[in-house]
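Asks: Provided herewith is a single structure, encoded as structure tokens, for subsequent inquiry.
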Amino acid sequence: MSDGVVNVEVALLEPQVEQELRTALTASNEYAYERFSRVDVFHRDVEDGIGSVLAYALSDGVWVIVDGTLVDKTTAAELARDVMGRILAS
């Protein structure tokens, strides 16, 4: 049994806000960056002592946010990308 939890949030962004967020995340040395087709994915570990991670996916004015504990950043990034793919396909 695990006490881990993963939250997924989705926000709609104005184009300028999306670009400012993308620019800030790209400039940060705290986030790893990957691009998949039209989706930009940023992810990082959070130093909080309980193994938290953050992952963001950005595309076409949609921001998917995944935060969780007891999950690695690669899994969180894959989840963010998968959720974004489902949103863009709908």
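The values are calculated or read from the model by the stated rules, or taken from the named source; none is laboratory data. This one's a predicted model, so the numbers in the text were calculated from it and none came from an experiment. Ideal geometry is used to build each Cβ from the backbone, glycine not excepted, and the neighbour counts take in all protein chains shown.
Asks: Are any residues in segment 58-71 among the small types (Gly, Ala, Ser) and either under 14 Å from Arg81 (Cβ atoms) or over 13 Å from the mean Cα position of the chain (by Cα) (or both), and if so, which ones?
Replies: Keep residues of segment 58-71 that are among the small types (Gly, Ala, Ser), which gives 59, 61, 68.
Listed by number, the residues that qualify are Ser59, Gly61.
Asks: Could you tell me how many of the residues in segment 29-57 are closer than 24 Å to Ile87 by Cβ and part of a loop (DSSP other than H, G, I, E, B)?
Replies: Count: 3.
Asks: Are any of the residues in segment 1-19 in a loop (DSSP other than H, G, I, E, B) and free of Cβ contacts under 8 Å to residues at least 12 places away in the same chain? Write out each step before concluding.
Replies: Keep residues of segment 1-19 that are in a loop (DSSP other than H, G, I, E, B), which gives 1-5, 13-14.
So of that shortlist, the ones also free of Cβ contacts under 8 Å to residues at least 12 places away in the same chain come out as 1.
Yes; the residues of segment 1-19 include at least one that is in a loop (DSSP other than H, G, I, E, B) and free of Cβ contacts under 8 Å to residues at least 12 places away in the same chain.
Per-residue answers, yes or no, for (1) modelled with pLDDT of 95 or more; (2) within 15 Å of Leu25 (Cβ to Cβ):
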{"residue": "Asp40", "(1), (2)": "yes, yes"}
{"residue": "Gly49", "(1), (2)": "no, no"}
{"residue": "Ser52", "(1), (2)": "no, no"}
{"residue": "Ala57", "(1), (2)": "yes, yes"}
{"residue": "Asp67", "(1), (2)": "yes, yes"}
{"residue": "Asp72", "(1), (2)": "no, no"}
{"residue": "Thr75", "(1), (2)": "no, no"}
{"residue": "Ala80", "(1), (2)": "yes, yes"}
{"residue": "Val83", "(1), (2)": "yes, no"}
